[in-house]
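Undergrad: There's a structure below that I have some questions on.
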Amino acid sequence: MKTPMLLALVLLLAACAGTPPSENAVIDTSAALSGAAILGQPVDTASLPDEDLLALTPEMRAYLATVAPDARPQQRLAALIRAFERREFHVEYDADSTLTATETYLQERGNCLAFTLMMVAMARQLGADAYFNQVDVPPVWGHDEAQTFVVYRHINMVSESSRGRRVVDFNLAAYDPIYDQYKLSDTAAFAQYYSNRGIELMKQDQREQAFLHLRKALALRPGDSDLWSNLGALYSRFGHQHEAEQSYRQALQLNAGNLVAISNLERLYRQSGRDELAEHYAQRARYHRERNPYYLFYQARSAYEHGEYQQAKKQLRRALWRYEDDHRFHFLMGLTNFRLGEVEDSRESFRAAFSLAENQGTKNAYLRKLEYLKRSQPGTSLEDSNPVPTINVIRQQRRFGQSDMPGW
């Protein structure tokens with residue numbers, strides 16, 4: 001499932017106006033890394049958390065020993081997946097629970113990263129090759145009640161053998177072969193674990209533990225722009241303006257197009273009365289947002305949900321002009337055209353959506369939507385729900401470069 005990466009937080013801060021800094025200017029991150037503003041003294045790096053994220057309990061090892069013990073590793077992995085589908089062991093999706101492999105198994109819950117940690121650990125115990133796979137799911141913009149800016153990132157497991165490539169995913173809706181994806185090292189996956197946990201602890205107002213986890217993430221991946229944005233979110237939440245500003249600026253030095261850091265610097269300066277700086281970053285944010293088809297799609301979806309169908313269509317046209325190969329854009333355009341009474345245009349949009357949706361699970365979800373509306377409104381072909389299965393296993397055959405994606 002989607003792994004929530006909470007990448008920005010806005011609080012009232014006090015400062016003065018100033019000149020927009022150069023992105024190449026030297027940034028002193030020592031205060032942000034020391035944590036003294038939160039801990040009361042500089043952090044002792046020996047105190048950073050260091051969990052064995054892939055550890056298995058004796059109970060888990062004993063169970064895995066019974067899974068197709070005489071079969072080859074890939075056959076054993078297939079048997080393990082079937083056992084999960086039969087609920088011989090069970091995990092419920094919980095967006096706010098980034099857990100270790102052992103915790104996920106024992107507590108029977110977790111988000112996509114927690115589930116993937118468990119599956120990678122179990123697959124390797126069975127002798128199968130398994131690694132973390134990051135899927136560049138397009139970002140989703142939103143705010144919670146604490147004004148937290150949210151961007152979702154998605155991780156699943158991949159196991160390869162001479163027969164092909166198997167993707168094990170906790171959420172079919174979040175995975176689509178159309179999205180870019182790449183192998184993630186254990187270190188990078190572990191950094192995301194500590195970052196996720198840090199944000200979860202931050203939301204619980206456990207500021208010291210939150211800092212230690214975010215600091216651990218940066219110790220593992222100091223060049224990750226998003227992790228610096230997370231650290232800025234922590235400092236922002238607890239009113240440490242200087243450290244938040246330096247963290248966001250470091251994020252931008254690593255990735256000048258980090259929209260989260262840009263947006264939050266704008267908000268930080270706006271709330272503190274530094275209008276010149278705020279306007280500088282507001283212009284940069286507008287520049288990036290208006291050129292990002294997924295931000296336009298987010299705006300269109302929000303307009304659609306509020307019944308503003310003409311506005312939704314306007315934003316969808318702009319999104320499609322910039323990028324026309326995402327089936328979700330076309331499907332929402334179909335919904336929008338229908339609401340506007342443009343039935344033939346809606347059918348054309350649906351045909352485009354189905355032609356682009358290579359993932360059979362996505363097509364099935366769309367079909368369920370259409371069938372639901374046929375039942376509720378005879379003669380129509382739309383609806384607003386989106387049922388998805390809990391887990392999907394995808395086998396990709398190298399020889400043909402195609403995918404066989406059976407439902408579970």
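Undergrad: Name the residues in region 335-352 that are touching a helix residue (DSSP H, G or I) at 6+ places or on another chain (Cβ under 7 Å) and among the basic types (Lys, Arg), would you?
TA: Arg339
Undergrad: Condition first: assigned to a helix (DSSP H, G or I) and without any contact (Cβ under 8 Å) to a residue 24 or more places away in the chain. Now tell me which residues in region 49-77 satisfy that.
TA: Matches in region 49-77: Pro58, Glu59, Ala62, Ala65, Gln75.
Undergrad: Here are His280, His288: which of them is within 30 Å of Gly239 (Cα to Cα), modelled with pLDDT under 85 and either of a type in the set (Asp, Glu) or part of a helix (DSSP H, G or I) (or both)? Walk me through how you get there before you give the answer.
TA: Numbers: His280 fails: modelled with pLDDT under 85.
One residue alone meets the criteria, His288.
Undergrad: Hey, could you check region 80-89 for residues that are of a type outside the set (Phe, Trp, Tyr) and under 19 Å from Asn156 (Cβ atoms) and say which is surrounded by the most Cβ atoms within 10 Å (Cβ to Cβ)? Steps first, answer last, please.
TA: Initial filter on region 80-89 (of a type outside the set (Phe, Trp, Tyr)): 80-83, 85-88.
Okay, now just the ones that are also under 19 Å from Asn156 (Cβ atoms), so 80-83, 85.
Details: Leu80: 23, Ile81: 19, Arg82: 14, Ala83: 16, Glu85: 13.
The selected residue is Leu80.
Undergrad: Now a separate question. Does Arg249 count as closer than 30 Å to Ala217 by Cα and either without any contact (Cβ under 8 Å) to a residue 60 or more places away in the chain or assigned to a loop (DSSP other than H, G, I, E, B) (or both)? Before the answer, list the steps.
TA: Numbers: closer than 30 Å to Ala217 by Cα: yes; either without any contact (Cβ under 8 Å) to a residue 60 or more places away in the chain or assigned to a loop (DSSP other than H, G, I, E, B) (or both): no.
No.
Undergrad: Additional query: Determine which member of the set Arg72, Arg82, Arg76, Arg87 is among the basic types (Lys, Arg) and on the phi > 0 side of the Ramachandran plot.
TA: On inspection, the qualifying residue turns out to be Arg87.
Undergrad: For region 321-348, name all the residues that are small (Gly, Ala, Ser), surrounded by 14 or more Cβ atoms within 10 Å (Cβ to Cβ) and farther than 13 Å from Ala300 by Cβ.
TA: Ser346
Undergrad: Here are the criteria: (1) closer than 30 Å to Lys363 by Cβ; (2) at pLDDT 95 or above; (3) among the hydrophobic types (A, V, I, L, M, F, W, C). Tell me which single one Ala173 does not satisfy.
TA: Ala173 satisfies every listed condition except (2).
Undergrad: Go through (1) within 30 Å of Asp52 (Cα to Cα); (2) at pLDDT below 95; (3) not in a helix (DSSP H, G or I) for Asn230 and report which single condition fails.
TA: Single failed check for Asn230: (3).
Undergrad: Could you tell me which residue of region 103-127 is farthest from Tyr93 (Cα to Cα), considering only residues that are more than 22 Å from the chain's Cα centre (by Cα) and outside any helix (DSSP H, G or I)?
TA: Looking at the filtered set, the residue picked out is Gly127.
Undergrad: Specify the residue that is surrounded by the fewest Cβ atoms within 10 Å (Cβ to Cβ); the eligible residues are those in region 128-147 that are among the polar types (S, T, N, Q) and modelled with pLDDT of 70 or more.
TA: My answer is Gln134.
The values are calculated or read from the model by the stated rules, or taken from the named source; none is laboratory data. Only a predicted model underlies this, so the values are computations on that prediction, with no experimental measurement involved. All Cβ positions, even for glycine, are placed from backbone atoms using ideal geometry, and neighbour counts span all protein chains on display.
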